[in-house]
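Chemist: One structure is given below, represented as structure tokens, and several questions about it will come after.
The values are calculated or read from the model by the stated rules, or taken from the named source; none is laboratory data. All of these numbers come straight from a predicted model, not from anything done at the bench. Ideal geometry is used to build each Cβ from the backbone, glycine not excepted, and the neighbour counts take in all protein chains shown. When the accessible area is computed, the model is the full protein with side chains, heavy atoms only, and any ligands, DNA or RNA have been set aside. Shrake-Rupley method; radii C 1.70, N 1.55, O 1.52, S 1.80 Å.
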Amino acid sequence: MTERARERAQRSFVRCTPAEDWELWTFSNTKRPQFVRRIKRPAAAPGRVIVGLPVRQTVTTATWVATDDRALVPEIVELQLEQQGLIQRDGKRSAPDIRVLETQADKSLALATVLLPDLDPELAFESAVQFEPAGFTLPLPQDRLCIWREQGRIATAVTRGRNPVHLQIVGETEIGPEMIHEVRCALLHLGAQRLCGTLLGIVLWGDFSDEEVQQLQKGLQLRVSHESLPPPTFPATPSKLLPSEVGALHARRARRRRIQRLLLAAAAIYLAAIAGLAGYIGWQKFQRSQMRRQLAAEFPTVQAIQATADEWKKVEWAVDPQLYPVEVLYQVAALIPPQGMRLTAFEVVKGKLSIRGEASGAAAAFKLAEDIKASPNLKLFQWQMRSPSLRPDGRAEFTIEGDPKIAKID
């Protein structure tokens, strides 16, 4: 077993002592209970804590129920407890712990344990995960009256077989006539209800004087054995008792843990986003450096291609048919109207065209200039026309110039 699994299997258990302090014990699945030390308050116990509830914090009552159906017993007992005012249906008190001790023909013996409403404040702490009545954590002998002290008070338990059928804190702090009378009344009540049979004796646990032993033996006419308080036993069936104050603390802890998980999830998402962004930036830097190395490696080739392209642009006038002067003249002549216009000059100087002519009027000259600009075959030039000159006879002399949109020939 790993160390972590061993820690999960081990549990802390606290129970009250005859004085005002508490005993701390540890339980594990493989070892007997081990006493650790005395502590001032239960909340000082480490880890997840099981609390041995003092008898004064509970009401324990046994009753016969007129059914042998174990599934129905808890519901019937709860109705009886509600009628007695020991539990409430509004959920303000802890649910009772109900156990079926035995079943006979058409009836069952049930033991109910109810938490009293005024919980000792020192028992309301967050790390308490389970509450066990004191009588369930002692190795109760068969058919006995057991007596011990809890924080200065005398506690009693009566067993039927090895099961407790009565747990009580008596009103006296010492064994004397009043205490013996109170116990005798309780035994008579149990006998009348047929909750216990003939007792085999009395067991005193802890520090009691010889005088107290003799008074008890004489008053109840039972053999008394005096022993030290035995180590606790962990009950096979966990109790269902949980104080409402502790339940509220557990709910608060659960909310804190949910909030912590949400915060951790948000932090994880934020860190993942930061890591993703950092990775993306790193990848972009890597790509940029790769591109720079590639550009540096290919720069001489690019330069050579650029030089070749420049040379091709220089000879484009010679190799592009659309730039041949004769072709340009042909395209312009095709736009001249049959009458009222003639060309007088066509020149090419360093790639720039100059077309001069005469038109019947300025409007005809402007119309020719617009037609030249709109011609798809003459799109390689940027065309413009100066204002025509009007002659005395009304004719207009015009000049249209075209600059090539590609490199010019020097």
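Chemist: Can you work out the FRET efficiency for the pair residue 363 and residue 295, with r the C-beta to C-beta distance and R0 = 56 Å, to the nearest 0.05?
Modeler: Efficiency computed from Cβ-Cβ geometry: 0.50.
Chemist: Here's a follow-up. Once you place label points 7 Å from the Cα toward the Cβ at residue 309 and residue 142, how far apart are they in nm?
Modeler: 10.8 nm
Chemist: Please check: in the Gaussian network model of the chain (C-alpha springs, under 10 Å), which one of 80, 287, 331 has the largest mean-square fluctuation.
Modeler: Most flexible of the set in this elastic network: 331.
Chemist: Per residue, how many Å² of accessible area does the chain show with a 1.4 Å probe?
Modeler: On the way: 23900 Å² over 410 residues.
Per residue, the chain has an accessible area of 58 Å².
Chemist: Let me ask something else. Extension gain residue 41-residue 120, at 0.36 nm per residue separation less the Cα-Cα distance, in nm?
Modeler: Full extension from residue 41 to residue 120 adds 27.3 nm.
Chemist: Which entries of 107/218; 31/240; 218/240 show an alpha-carbon separation above 29 angstrom in the structure shown?
Modeler: Table pairs above 29 Å Cα-Cα are 107/218; 218/240.
Chemist: Identify all aspartates and glutamates with a Cα-Cα distance to residue 367 below 16 Å; exclude those on the same chain that are fewer than 8 residues away in sequence.
Modeler: Within the straight-line cut-off, residue 367 pairs with 358, 397, 401.
Chemist: Could you give the Stokes-Einstein D for segment 52-211 in µm² per second, using the C-alpha Kirkwood radius, 37 °C, 0.692 mPa s?
Modeler: D = 195 µm²/s.
Chemist: With every protein chain left in place, what is the accessible area of residue 210 in Å² (1.4 Å probe, nearest 10)?
Modeler: Its heavy atoms expose roughly 110 Å² to the probe.
Chemist: What is the spin-label model distance, in nm, from residue 67 to residue 172 if the labels are put 7 Å beyond Cα along the C-beta direction?
Modeler: My value for the distance between the label points is 4.2 nm.
Chemist: Out of the total accessible area of the chain (probe 1.4 Å, heavy atoms of protein only), what percent is carbon and sulfur?
Modeler: Its accessible area is 55 percent carbon and sulfur atoms.
Chemist: How far is helix 73-83 tilted, in degrees, relative to the longest principal axis of the Cα atoms in the chain, given as a value from 0 to 90 rounded to the nearest 10?
Modeler: Helix 73-83 sits roughly 80 degrees off the main axis of the chain.
Chemist: Right, something else. What whole number of Å gives the distance from the Cα centroid of segment 187-226 to the Cα centroid of segment 352-391?
Modeler: So the separation of the two Cα centres works out to 137 Å.
Chemist: Ordered by residue, what ³J(HN,Hα) values in Hz, to whole numbers, does segment 162-170 give under the Karplus form 6.51 cos²θ - 1.76 cosθ + 1.60, where θ = phi - 60° and Gly and Pro are x?
Modeler: Running phi through 6.51 cos²θ - 1.76 cosθ + 1.60 with θ = phi - 60° gives 9, 9, x, 10, 7, 10, 7, 9, 7 Hz.
Chemist: Can you list the aspartates and glutamates whose alpha carbon is less than 15 Å from that of residue 40, not counting same-chain residues fewer than 8 positions off?
Modeler: Filter leaves 20, 21, 23, 120, 122, 150.
Chemist: Go through 212-222, 160-170 and give me the packing order, highest mean Cβ count within 10 Å leading.
Modeler: Put in order of decreasing packing, that is 160-170, 212-222.
Chemist: Another question, then. Fully extended, how many nm does the chain gain between residue 397 and residue 370 (0.36 nm per residue separation, minus their Cα-Cα distance)? Intermediate values should be presented prior to the final figure.
Modeler: On the way: separation 27, 0.36 × 27 = 9.72 nm, distance 1.62 nm.
In short, 8.1 nm is gained.
Chemist: Further question: Using mean Cβ contacts within 10 Å as the protection proxy, how do 276-283, 351-358, 58-65 order, highest first?
Modeler: 58-65, 351-358, 276-283
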